[in-house]
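Working notes, beginning with the structure itself.
The values are calculated or read from the model by the stated rules, or taken from the named source; none is laboratory data. Since the structure is predicted, the reported quantities are computational estimates derived from the model, not experimental observations. All Cβ positions, glycine included, derive from the backbone under ideal geometry; neighbour counts span all protein chains shown. Only protein heavy atoms, including side chains, enter the accessible area calculation; ligands, DNA and RNA are left aside. Shrake-Rupley method; radii C 1.70, N 1.55, O 1.52, S 1.80 Å.
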Number of protein chains: 2
Amino acid sequence: MVKAVSLPAEVVIAGFHALSEPLRVKVVELLRENELCVCDLCAALEVAQSKLSFHLKTLKDAGLVRSRQEGRWIYYSLNLSQFVVLEQYLSEFRRYSPILPARSCSDED
Amino acid sequence: MVKAVSLPAEVVIAGFHALSEPLRVKVVELLRENELCVCDLCAALEVAQSKLSFHLKTLKDAGLVRSRQEGRWIYYSLNLSQFVVLEQYLSEFRRYSPILPARSCSDED
DNA sequence: TAAATCCATCAATTTATATTGATGGATTGT
DNA sequence: ACAATCCATCAATATAAATTGATGGATTTA
């Protein structure tokens, strides 16, 4: 049961990709507070249903959200463990560094 | 000097977008260990220089890397504080949750 | 000064993603 | 059974991102 060693983890890339689009980020920010059905999200975001459905699929394929059916509604909610995976991936960058990045006063580039 | 309140933070989206492409992820993983010049990266990744340059620009625009010139070389390094920004953005999703997602026994790496 | 190296940028093409409106499956209420 | 609601999927189009080869600026070496 050998686990492949750090190919730039597909699942991580899929996660970041899913979070690289403004509407999808709005979706997860809404879901942060409540489980919501698609029609709730459509109303809140004022977008067409098919458009939202498309983006929800991207989020779901990336493992960031789950869905559950109740009657004719499908409720979406966050899959927090996947957010943790991404968070931990990022945290490893810090671990390699001798010092935490100095917080520049004038942080211009 | 009013700071806009949580528009799905452009800088966060740009960061996730930058990390949503395999070659760019390989770049930051290499830079995690060492500051490197473009020609080092070209050699390590076996890609054309113009291609790499394009992706480095994406990473730089997202604030994830810095560059510094030394003679005719341009050295790239991580800007860890931006990684921390992304990490903290993700960590806020956890904060809303009543329970931390169960850590599955079988997904250690 | 001339040649070589390192790199960013440009324009043209290819490839990937997103948007739109339409269709149909599943569920519920009449 | 029929109509209405909720949703995913499809095909066509539009938009965005990546790749490629070429060009030129800046720096170093001969």
**Copies compared at B:Gly71 - label distances in nm, ascending, label defined 7 Å from Cα in the Cβ direction** = 7.3
**Complete:** Counting only protein heavy atoms and rolling a 1.4 Å probe, one gets per residue an accessible area for the stretch B:10-85 in Å² of 50
**Prompt:** Hey, for B:Val11 with labels 7 Å out along Cα-Cβ, what do the inter-copy distances come to in nm, ordered shortest first?
**Reply:** 3.0
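Just to be sure I understand: if you take the accessible area of chain B alone plus chain A alone and subtract the pair, with a 1.4 Å probe, what total do you get in Å², rounded to 100? Working shown, then result.
Numbers: alone 8400 and 8440 Å², together 13600 Å².
Buried area between the two chains comes out at roughly 3200 Å².
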**Fill in**
Expressed in square angstrom to the nearest 10, the accessible area of B:Glu33 with a 1.4 Å probe stands at 120
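Can you pull the mean other chain C-beta count within 10 Å for peptide A:77-87? Intermediate values should be presented prior to the final figure.
Working: counts 0, 5, 1, 9, 7, 3, 8, 7, 3, 7, 9.
Per residue, the number of nearby Cβ atoms from other chains is 5 on average.
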**Request:** Determine ³J(HN,Hα), in whole Hz, for all residues of the stretch B:53-67 in sequence, where each value follows from phi through the Karplus function 6.51 cos²θ - 1.76 cosθ + 1.60 and θ = phi - 60°; x replaces Gly and Pro.
**Result:** 4, 4, 6, 5, 5, 4, 5, 6, 4, 7, x, 7, 10, 10, 9
**Prompt:** Ignoring ligands and nucleic acids, what accessible area does B:Trp73 show with a 1.4 Å probe (Å², nearest 10)?
**Reply:** 110
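Using only the C-alpha atoms of the stretch B:4-90, find the volume of their convex hull and express it per residue in Å³. Before the final figure, lay out each step's value.
On the way: hull volume 8.6 nm³, N = 87.
With only Cα atoms used, the stretch B:4-90 gives 98 Å³ per residue.
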**Message:** Using a label point 7 Å beyond Cα on the Cα-Cβ vector, give me the inter-copy distances for B:Glu46 in nanometres, one decimal, shortest first.
**Reply:** 5.1
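What do you reckon, how do B:Val11, A:Val28 stack up by accessible area (1.4 Å probe), largest on top? Write down the numbers at each step before the final one.
Numbers: B:Val11 70, A:Val28 0 Å².
The ordering from most to least exposed comes out as B:Val11, A:Val28.
Given Cα pairs under 8 Å that are at least 6 residues apart, what percent is the relative contact order of the stretch B:10-85? Don't jump to the answer; show the numbers that get you there.
Details: 77 pairs, mean separation 26.6, N = 76.
Across the stretch B:10-85, relative contact order equals 35 percent.
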